[in-house]
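What follows is a set of notes on a single structure, which appears directly below.
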Amino acid sequence: MIPVAFDYEVAESVDHAIELLGQYGDESKLLAGGHSLIPIMRLRLAAPAVLIDLGKLENLRYVRDGGDHLKIGAMTRHRDLAFNEMVAQHCGIVGYTAGLLGDPSVQHRGTIGGTLSHGDASGDMPSVITALEGSIVVQGPNGERVVKAADFFQDYLVTDLGEQEVVTEVRVPKLNGNTGWSYKKFSRRSQDWAMVGVAAVVERSNGSIGSARIALTAMGATPLRATSVEQALSGAPRDAVAEAAQSADEGTSPASDSAASAEFRRHLARVWTKRAVEEALSR
Amino acid sequence: MTQAPERYMGGGLPRKEDPNLVTGRANWTDNIKLPGMLHLAMLRSPFARAKITKLDVSGALERPGVVGAFTGAELADQWPGGVPCGAVVSDQQNSPFFSPIVTDEVRHVGDVLAVVVASDRYTAQDALESIVVDYEPLPPVVNMEAALAEGAPLVHEEFGTNECFKYTAGVEGIDDLFDAPDDTQLEGGGVRGPNVGGQGDTGEAMRRADVVIKERYIQQRVLPTAIEPRAVVASPEPGHQGIVMYSSTQVPHLLKIVLSLSTGIPENEIRVVAPDVGGGFGSKLNLYREEIIAVVLAKKLGTPVKYVEDRSENYQATIHGRGQIQDIELAANSDGKILGLRVKLLDDMGAYLQLLTPAIAVSGAALFPGVYNFENFAIEIKGVFTNLTPTDAYRGAGRPEACFAIERAMDSLARELNMDPAEVRRRNFFEPFDEPTANPAGLQYDSFNLQAVLDRAIELADYESLRAEQQRRRESGDPVQLGIGFSTYTEICGLGPSQALAGLGLGGGGWEAANVRMLVTGKVEVATGTSPHGQGHETSWSQIAADVLGVTPDDVDVIHGDTDAVPFGRDTYGSRSLAVGGIAVYHAANKVVEKGKKIAAHMLEASEEDIEFEGGRFSVAGSPDQNVTIQDVAGAAYLAADLPEGMEPVLNESMIYDPPNFTFPFGAHICVSEVDTETGKVKLRDYIAVDDCGPVINPTIVDGQLHGGLAQGIAQALYEGVIYDEEGNLVTASMVDYMIPGAPELPNFTLDRTVTPSPSNPLGVKGVGEAGTIGAPPAVINSIVDALSPLGIKHIDMPASPMRVWKAIQNAQGKQSGDRQIDASLEASGADIKQGR
Ligand SMILES: Cc1cc2nc3c(=O)[nH]c(=O)nc-3n(C[C@H](O)[C@H](O)[C@H](O)COP(=O)(O)OP(=O)(O)OC[C@H]3O[C@@H](n4cnc5c(N)ncnc54)[C@H](O)[C@@H]3O)c2cc1C
């Protein structure tokens, strides 16, 4: 629990952060809320020589109306999102999920940019953004690019981020009145990471289901869409949910660890998908 | 001077300790900074068992800031006694020499093989990486049954066995119904104490019985996670010829003795100070190798040395709790009356014996009969070495294990006989009594009224409507089923009568010391040999002294935790402090009043027999106007200008109190759980605890003890459990993986009390520190099994994690589960053995 010695730099702007990343190369790491990075440094699983602190970049801490979507600055803290009215009104699943991450102290420090950049498949926000089909704005030495969530998460702890790139913004669609959502997180303790999580964004259409977008947490190396459930639910009646949810674990490859076996995770994914879709339909 | 007619005992006085603690003004060991202080780091083994074929610390010495790097061989002559074990439970006990730094072989992950001393903790930690070690890994033994099997690798080769000891009581015929392996090796380990015995003929009882419940329960290992990890500063301070050791400990007085035994430093040259201590739960009832190393190096280098463990080390190297495999047979008639009980235990020692390791299971042995009155009882305990972290006392230490076994078996009996679990208990309860009454193991219970606590708990739970709701949910096939679980417990508190402790293999010394003195200004100092680390003795002892002396608790200062300030003491563990230490304070304060009477009589020119004392005022019987306050008397006693002929100056009285018996609190707990049969998740809806710990000195503190104890008991039942993989690596190595529940996981507790005074001490007090960890685990598991019993489920191991509950449901429904492997190895071990990631 005692990290290796490191140097510390403060980024004064996004451009400065990019410059510092260029200067120190892969010896360095960006530091946002520190609530993923510092624990692994304390366990000596990571030993960056230089930390580049984004903590001063208050201009990356915002929620703005982008017309049909919301723009969320990368340094927005989980707690900001949990209590943001625009988020509650237009994309409640983001605020609700932010309020489930760890405990209040984690929420006050941790950032949305950090949790997405870290790319932990047990993270809750990656699957929520995936189910929302949101996108991530990335800035590097050659300017800005916008990456779809589906393309951003590439492998366990691996994202599309280049070495000298910084996440600056996250974009999520505004959900209309016909669209319900649910994030169901299964964990043993309220502050725990998800053993399994299910994000469901479901569009209602004339008393049946129009379309459903479902993403699973901790069921593989990245957030995974439950595509066969989505297909089965497309245009289906409401009572099709239980049956459709039975294929929620298709195409997944969950790990076995001290919290749950792969088999149990598959089972939970099915039960939780059923409950998440039902909750989304009623919301 | 304030006059205090009130009675403070029984009132919920806010804790005197809290303002400092909640405003960050506490003085933790890690806050201690001494001039020239150096910092220690430990090189710990990554292997559970390996020979050290090469060890070279010279690389560490080259790093800037490093002052020294040491191996065990270099320091071996500094600790002739090793890390001492103070418990001998059998004449043939195998007690290995436990070297603070190993020299040839590592025996568990976290074992220490070298240390670095440096200018700061970071430098010391980094320098460990420059030490060169070659290991020859050897196959470890990581579960007890495998350890006892023929040809098992040996944790300590010199013994030729992994059996540490065998302890038996009342064993006639125990083997003919148990499929015990034939073992003549350690025959007749010998019952040592007058207070633990088996009796009767359990074999005959088993044959005569209408029903015999035969079950195996596993007490998983648990981590005593104190919020403040272990910390020590050893200082060769000027003015002391020897050493001052500041330690985050529950037992400064024991440390002084044991440190002397370990190092050969004369006891009188050692001073131990326990500054503010952030919890212990039994884990700080030990002299640890790191403390010995710090002391030895402080002496050798002539400068203070600090060591503070981090949380990873806390989980690898601080003692673990529990770790038992319990085979139990309970014989009863069809009317529910118990005929006999026998128990076979395997108790996991881990790789070494710490201070009390072998005594833990033995000290709970006599409690297996629980609160039930029957005749035939036998028990056999085997201590087993494994290549895992040593075990020792954890909140309850031996009693939660015993309580769990009997209380689970009582529920199985009720189910077998189709009886209400409350009724089966009632039929076997002792009738109320208030004179010592022997239990089936010969333990002298002090006073019981079990019927009252159970009735009250049932009333508070609204038992009948719970059963009705349960029925409704069963009939409607609700995925969430309701379960109601009982436990009626007793436990041993007030450790203890010195003679009885000797009988338990602990040598004796169960007394406690107190000194009560009144200063010239009328203020009071109470020096106590107990060593609080969260229990609030400063508050409770002030209440006792204030009531006896007729002053206010604010007038009283309680001094503790320093062997120079309080020369004699036996410290704090085993819910002993109030029933032994608090009583010592009470007696010493009464002695002050007695002496005060003599002085008052002299001052008032009356005869001593005519002096009455009330509310801090001595007066002459019949003429209340003639009076003096206790403060006046204290002043007169101090100045000594006019005292009765031959009287010693100063009101300054001491008491060393050896209790005549243990005390036995008891209670009835009811857990109401909702079990989600689709996910296996258990939610506790309600928890009702009606406890009887005798008269209560401070209800706020007692409630706090119960809340914390229940939380830890529920934790063992539902959340916590040490997991090792087959190589002996600790999988639950951090607070992410080791599931300590927080407030959101716990129900609101419904607490109530009855009051049945103990006949053993003048205040009638019993003790309450461990009631929660003892009562809760069986109540929780009983509630889950109750919820799932229509499926034919009879038992679920602790912790009843969602996966485990789900698997039990799957198995009951005849669905195969892919995780049988895990369960199979689990069966054989008190630790949960799993494949790593
Ligand atoms: C006790 C505890 C419980 C937790 N529980 C949960 C939980 O239940 N669910 C959950 O999802 N998470 C949980 N977390 C993680 C928490 O949400 C983290 O805050 C989050 O995952 C990382 O965000 P951060 O701002 O702290 O990032 P940091 O730790 O600072 O950084 C994480 C990684 O992202 C990189 N990075 C950070 N910001 C940027 C950026 N703008 N651009 C590019 N790279 C960047 C860093 O270099 C680093 O590699 C928990 C954490 C703790 C300590």
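The values are calculated or read from the model by the stated rules, or taken from the named source; none is laboratory data. Everything quoted here is computed from the prediction, not taken from an experiment. Note that we place each Cβ from the backbone using ideal geometry, even for glycine, and neighbour counts take in every protein chain shown.
Summary of computed values
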read-out	value
Close pairs from region B:675-703: first more than 30 Å from residue A:269 (Cα to Cα) and away from chain A (no Cβ under 14 Å), partner outside any loop (DSSP other than H, G, I, E, B) and of a type in the set (Asp, Glu), Cβ under 7 Å, at least 6 apart	B:690/B:752
Options B:527, B:461, B:438, B:500: the member that is among the small types (Gly, Ala, Ser) and out of contact with any strand residue (DSSP E or B) (no Cβ under 7 Å at 6 or more places or on another chain)	B:500
Hey, residue A:18 within 20 Å of the chain's Cα centre (by Cα), in a helix (DSSP H, G or I) and either more than 12 Å from the ligand (Cβ to nearest atom) or not small (Gly, Ala, Ser) (or both) or not	no
Of the criteria (1) buried (at least 18 other Cβ atoms within 10 Å of the Cβ); (2) over 27 Å from residue A:5 (Cα atoms); (3) within 11 Å of the ligand (Cβ to nearest atom), which one residue A:110 fails	(2)
Tally of residues being closer than 28 Å to residue B:146 by Cβ and touching a helix residue (DSSP H, G or I) at 6+ places or on another chain (Cβ under 8 Å) across region B:699-719	4
Among the residues listed as A:133, A:163, the single one being more than 14 Å from chain B (Cβ to nearest Cβ), within 13 Å of the chain's Cα centre (by Cα) and surrounded by fewer than 20 Cβ atoms within 10 Å (Cβ to Cβ)	A:133
Residue selected from region B:426-480 under the condition in contact with a Phe, Trp or Tyr (Cβ under 9 Å, 6 or more places away or on another chain) and of a type in the set (Phe, Trp, Tyr), by the criterion nearest to residue B:170 (Cα to Cα)	B:445
Residues of region B:537-592 that turn out to be of a type in the set (Ser, Thr, Tyr), outside any loop (DSSP other than H, G, I, E, B) and within 24 Å of residue B:275 (Cβ to Cβ), as a count	4
Answer residue from region A:28-49, given it is more than 14 Å from chain B (Cβ to nearest Cβ) and either touching a residue at least 60 places away in the same chain (Cβ under 8 Å) or over 26 Å from the mean Cα position of the chain (by Cα) (or both) and is surrounded by the most Cβ atoms within 10 Å (Cβ to Cβ) among those	A:32
Long-range neighbours under 9 Å by Cβ, at least six apart or interchain, first residue in the same structural domain as residue B:672 (by TED's automatic domain parsing) within region B:450-471, second of a type in the set (Asp, Glu) and surrounded by 18 or more Cβ atoms within 10 Å (Cβ to Cβ)	B:450/B:692; B:452/B:692; B:453/B:691; B:453/B:692; B:461/B:686; B:466/B:686; B:470/B:786
Filter result for the condition that a residue is under 17 Å from residue A:14 (Cβ atoms) and either within 14 Å of another protein chain (Cβ to nearest Cβ) or more than 14 Å from the ligand (Cβ to nearest atom) (or both), over A:171, A:145	A:171
Residues of region B:296-335 satisfying the condition of being within 14 Å of chain A (Cβ to nearest Cβ) and assigned to a helix (DSSP H, G or I)	B:311, B:312, B:313, B:314, B:315, B:316, B:317
Filtered residues of region B:744-763 (kept if within 14 Å of chain A (Cβ to nearest Cβ) and either over 22 Å from the mean Cα position of the chain (by Cα) or surrounded by 20 or more Cβ atoms within 10 Å (Cβ to Cβ) (or both))	B:744, B:745, B:747
Yes/no for residue B:771 being hydrophobic (A, V, I, L, M, F, W, C) and under 26 Å from residue B:471 (Cβ atoms)	no
Residue in region A:114-128 that is near the ligand (Cβ under 8 Å from one of its atoms), free of Cβ contacts under 8 Å to residues at least 40 places away in the same chain and assigned to a loop (DSSP other than H, G, I, E, B) present	no
Pairs, first surrounded by fewer than 24 Cβ atoms within 10 Å (Cβ to Cβ) in region A:215-232, second part of a helix (DSSP H, G or I), C-beta under 7 Å, six or more apart	A:225/A:130; A:232/A:240; A:232/A:244
Yes/no for residue A:248 being over 18 Å from the mean Cα position of the chain (by Cα), aliphatic (A, V, I, L, M), exposed (fewer than 15 other Cβ atoms within 10 Å of the Cβ) and not assigned by TED's automatic domain parsing to the domain that holds residue A:91	no
Hits in region A:76-104 (condition: within 14 Å of chain B (Cβ to nearest Cβ) and more than 8 Å from the ligand (Cβ to nearest atom))	A:99, A:104
Residues (over 20 Å from the mean Cα position of the chain (by Cα) and of a type in the set (A, V, I, L, M, F, W, C)) located in region B:473-517	B:480, B:482, B:484, B:486, B:513, B:514, B:516
Test: residue A:179 is within 18 Å of residue A:97 (Cα to Cα), more than 14 Å from chain B (Cβ to nearest Cβ) and either more than 9 Å from the ligand (Cβ to nearest atom) or in contact with a strand residue (DSSP E or B) (Cβ under 7 Å, 6 or more places away or on another chain) (or both)	yes
Candidate set from region A:24-40 (those that are in a helix (DSSP H, G or I) and within 6 Å of the ligand (Cβ to nearest atom)); member that is farthest from residue A:1 (Cα to Cα)	A:37
Members of region B:768-813 that are of a type outside the set (A, V, I, L, M), without any contact (Cβ under 8 Å) to a residue 40 or more places away in the chain and either surrounded by 24 or more Cβ atoms within 10 Å (Cβ to Cβ) or farther than 19 Å from residue A:186 by Cβ (or both)	B:792, B:811, B:813
Residue within region B:329-350 that is under 29 Å from residue B:45 (Cα atoms), out of contact with any helix residue (DSSP H, G or I) (no Cβ under 6 Å at 6 or more places or on another chain) and not hydroxyl-bearing (Ser, Thr, Tyr) present	yes
Residue that is surrounded by the most Cβ atoms within 10 Å (Cβ to Cβ), among those in region B:479-502 that are in contact with an Asp or Glu (Cβ under 8 Å, 6 or more places away or on another chain) and among the small types (Gly, Ala, Ser)	B:487
Residue count, region A:182-191 (criterion: in contact with a strand residue (DSSP E or B) (Cβ under 9 Å, 6 or more places away or on another chain) and within 14 Å of another protein chain (Cβ to nearest Cβ))	4
Selected residue (criterion: farthest from the other protein chains (Cβ to nearest Cβ)) from residues of region A:230-274 that are touching a Lys or Arg at 6+ places or on another chain (Cβ under 6 Å) and of a type in the set (Asp, Glu)	A:249
